[in-house]
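Down below is the structure, laid out as structure tokens.
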Amino acid sequence: MSSRDRALAFARSVAAGMKAKGMAMWRDEIDDAAFVPIEDEASLAPWLARPGPALVLLHDPYCPISAAAYREVARLPGPVALIDVAAAPELSDAVEARTGIRHESPQIILLRDGEPVWSASHYRVTESGIVEAVATTETTSRNDEPSTG
């Protein structure tokens with residue numbers, strides 16, 4: 001078996017293992033339906049003022065860490081506001097000014113009734129972490145206690 005054949009066999013086994021765990025390996029295996037692209041400040045403003053929970057993902061499509069975060073967030077039912085920080089860096093500045101959360105990419109910000117209540121960046125952007133944050137802030141909001149980010 002040539003080194004090329006061994007490499008292909010390895011890639012196929014990794015892809016099969018990831019697929020068995022419900023993970024996407026290739027870009028075309030990711031469901032983009034959860035995302036609502038935000039391309040300007042006019043479309044950002046309603047997301048930052050939404051009643052109830054709202055998620056905003058700051059994503060750099062050229063960054064492998066951001067690609068991993070994107071795959072994690074794509075597993076959520078949505079909707080999630082998606083800001084491409086490479087195409088529109090001014091939007092990350094607008095989010096930072098509005099939320100007070102320093103920009104890092106990738107970054108997910110959970111807002112509740114327009115106020116930031118939680119955020120995570122880099123490898124902490126996980127489906128399970130987001131689900132837990134939404135549930136925790138929902139419980140806290142119901143108890144009328146202030147939530148922390």
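The values are calculated or read from the model by the stated rules, or taken from the named source; none is laboratory data. Everything quoted here is computed from the prediction, not taken from an experiment. Quick reminder, even Gly has a Cβ in these numbers, built from the backbone with ideal geometry, and neighbours come from all protein chains shown.
Details
- Exactly one residue among 67, 88, 120, 49 is modelled with pLDDT of 95 or more, assigned by TED's automatic domain parsing to the domain that holds residue 138 and either surrounded by fewer than 21 Cβ atoms within 10 Å (Cβ to Cβ) or hydroxyl-bearing (Ser, Thr, Tyr) (or both), and that residue is 120.
- Residues in the stretch 99-121 that are in a loop (DSSP other than H, G, I, E, B) and among the hydrophobic types (A, V, I, L, M, F, W, C): 101 only.
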